[in-house]
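Since the structure comes first, as structure tokens, the remarks are kept for the end.
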Amino acid sequence: MDHFRALVADSNGEEQPKLAIRSLTAADLPEGEVTVRVAYSSVNYKDGMVGILGRMVKSYPHIPGIDLSGTVAESSDSRYRPGDEVIVTSYGLGVTQHGGYSELARVPASWVVPLPTGLTLREAMILGTAGFTAALSVQRLEDNGLSPGNGPVVVAGASGGVGSVAVNILAKRGYEVTASTGRLSEEAYLKELGAAHVIHRDELTESERKPVRRPQWAAAVDPVGGKTLSYLLSTLQYGGSVATSGLTGGIEVETSVYPFILRGVNWLGIDSVECPMELRRRVWERLGSDLKPTMLSSAIVNEITLEQLPEELAHILQGQVRGRTIIKLG
Ligand SMILES: NC(=O)c1ccc[n+]([C@@H]2O[C@H](COP(=O)([O-])OP(=O)(O)OC[C@H]3O[C@@H](n4cnc5c(N)ncnc54)[C@H](OP(=O)(O)O)[C@@H]3O)[C@@H](O)[C@H]2O)c1
């Protein structure tokens, strides 16, 4: 491939970046042991922060895209050979180093995950970082004692990427799932994913602060943070857990020691970026087997082109994207 297309963000460092599709050559790619012919990438909230707002980017021009799946074109690392199907997410991909919004990518071999049995390259990107984070949340909750008999589980930001996949995985595993959303118009979608109940996000936020409230949930998956997380901590059942992954509702969390010392609740931090490779591979393998969401085989996935991507990146920052969006590159 002499020339390939990529969505490139450029900025003088003071203004928000401008996005344009450019024709590049392999010499434009960073150093790395593995060159990948990208088949699919995906849209995550972080891609909006990088591509539209220019957050976390150290230098321009920059190719965003924190996720990619594809086929190895060249490798100087003996673990990977041309033709191998792989996934790359996390670390510096699409943030400190050129990412997946490109027909060709080059990455360190230490970032590469072999495509697990049970997933196609397309399915891997329907999941992407959001799906991986949802699965890691479920794994951590279950490692901390959660099982379907413990009681209902709530998922905040349920119409978004992390939320949609979490609802779907939990429902398939037999949990009674309550989906919390700011968009009640998505009730049918959330029920299709397996939610037993759909509530408005206002029901998970109260202006009056109380240390603990009526215990409701055995566990919570929370990509929202802020007041929602404060409320969730105060409404977990005895010994319940919340898996915290995101900040779309804010970064400040008001709480007290009471949920912890009166109810023994667990506040579990979820980080996909530096998740150790052994755990990362295990979670991806589970996503191809016992955690594989049913949404992968349904039509409720949005597939777009590189040309449509700038508009989609703006939409995700406005909380307007439903579920998962993938970009076909190969
Ligand atoms: N820790 C990690 O490793 C990790 C990995 C992936 C993602 N994340 C973080 O997780 C969050 C979700 O990522 P995503 O890719 O799933 O994004 P997304 O698709 O945009 O989903 C976020 C959802 O949050 C809800 N939301 C948006 N604005 C809100 C507000 N002001 N108050 C309350 N809820 C609001 C919306 O759901 P409803 O419309 O249904 O309410 C929205 O769909 C982001 O903060 C992202 O940075 C973290």
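The values are calculated or read from the model by the stated rules, or taken from the named source; none is laboratory data. This one's a predicted model, so the numbers in the text were calculated from it and none came from an experiment. Glycine gets a Cβ as well: all are built from the backbone with ideal geometry, and neighbour counts include every protein chain shown.
Just one of the listed residues (Gly323, Gly250, Gly269, Gly264) is over 14 Å from Gly161 (Cβ atoms) and touching a helix residue (DSSP H, G or I) at 6+ places or on another chain (Cβ under 8 Å), namely Gly250.
When Leu232 is tested against (1) within 16 Å of the ligand (Cβ to nearest atom); (2) closer than 21 Å to Ser159 by Cα; (3) touching a Ser or Thr at 6+ places or on another chain (Cβ under 8 Å), only condition (3) is not met. Just checking, does segment 83-91 include any residue being within 14 Å of the ligand (Cβ to nearest atom) and surrounded by fewer than 24 Cβ atoms within 10 Å (Cβ to Cβ)? Yes: one or more hits.
Take the conditions (1) of a type outside the set (A, V, I, L, M); (2) part of a loop (DSSP other than H, G, I, E, B); (3) over 23 Å from Asp271 (Cβ atoms); Gly149 misses just one of them, which is (2).
To keep it simple, each residue is scored yes or no on (1) surrounded by fewer than 16 Cβ atoms within 10 Å (Cβ to Cβ); (2) assigned by TED's automatic domain parsing to the domain that holds Val167; (3) aromatic (Phe, Trp, Tyr).
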| position | (1), (2), (3) |
| --- | --- |
| Tyr238 | yes, yes, yes |
| Ala243 | no, yes, no |
| Ile261 | yes, yes, no |
| Gly288 | no, no, no |
| Gln308 | yes, no, no |
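Filtering segment 256-301 to residues that are within 15 Å of the ligand (Cβ to nearest atom), under 22 Å from Val224 (Cα atoms) and in contact with a strand residue (DSSP E or B) (Cβ under 8 Å, 6 or more places away or on another chain) leaves Trp267, Leu268, Gly269, Ile270, Ser272, Val301. Reported count of residues in segment 51-82, each being within 17 Å of Thr325 (Cα to Cα) and within 15 Å of the ligand (Cβ to nearest atom), is 6. When segment 212-229 is limited to residues that are under 17 Å from Asn266 (Cβ atoms), more than 16 Å from the ligand (Cβ to nearest atom) and of a type outside the set (Phe, Trp, Tyr), the one that is nearest to the chain's Cα centre (by Cα) turns out to be Ala219.
Okay, residues lined up against (1) part of a helix (DSSP H, G or I); (2) closer than 23 Å to Ala134 by Cα:
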site: Arg22; (1), (2): no, no
site: Ala27; (1), (2): yes, no
site: Gly32; (1), (2): no, no
site: Thr35; (1), (2): no, no
site: Ser41; (1), (2): no, yes
site: Lys46; (1), (2): yes, yes
site: Val50; (1), (2): yes, yes
site: Val57; (1), (2): no, no
site: Tyr60; (1), (2): no, no
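Of the residues making up segment 33-50, just one is among the aromatic types (Phe, Trp, Tyr) and more than 8 Å from the ligand (Cβ to nearest atom), namely Tyr40. Can you pull out every residue in segment 5-55 that is within 26 Å of Val165 (Cα to Cα) and surrounded by fewer than 17 Cβ atoms within 10 Å (Cβ to Cβ)? Leu53, Arg55 - these are the residues of segment 5-55 that are within 26 Å of Val165 (Cα to Cα) and surrounded by fewer than 17 Cβ atoms within 10 Å (Cβ to Cβ). Residue under question is Val138, and the condition is that it be in a strand (DSSP E or B) and under 17 Å from the mean Cα position of the chain (by Cα); does it hold? When the stated conditions are applied, Val138 does not pass them. Can you find, within segment 128-156, the residue that is surrounded by the fewest Cβ atoms within 10 Å (Cβ to Cβ) among those that are without any contact (Cβ under 8 Å) to a residue 60 or more places away in the chain and among the small types (Gly, Ala, Ser)? Going through the qualifying residues, I end up with Gly149. Taken together, the criteria exclude Leu317 from residues that are surrounded by 14 or more Cβ atoms within 10 Å (Cβ to Cβ), away from the ligand (no atom under 11 Å from the Cβ) and closer than 28 Å to Leu7 by Cβ.
Here Glu176, Glu192 are screened, and the one residue that is among the acidic types (Asp, Glu) and within 16 Å of the ligand (Cβ to nearest atom) is Glu192. All conditions in (1) near the ligand (Cβ under 9 Å from one of its atoms); (2) hydroxyl-bearing (Ser, Thr, Tyr); (3) surrounded by fewer than 24 Cβ atoms within 10 Å (Cβ to Cβ) hold for Ser159, with the sole exception of (3). Residues in segment 53-101 that are out of contact with any helix residue (DSSP H, G or I) (no Cβ under 9 Å at 6 or more places or on another chain) and closer than 23 Å to Gln318 by Cα: 1 in all.
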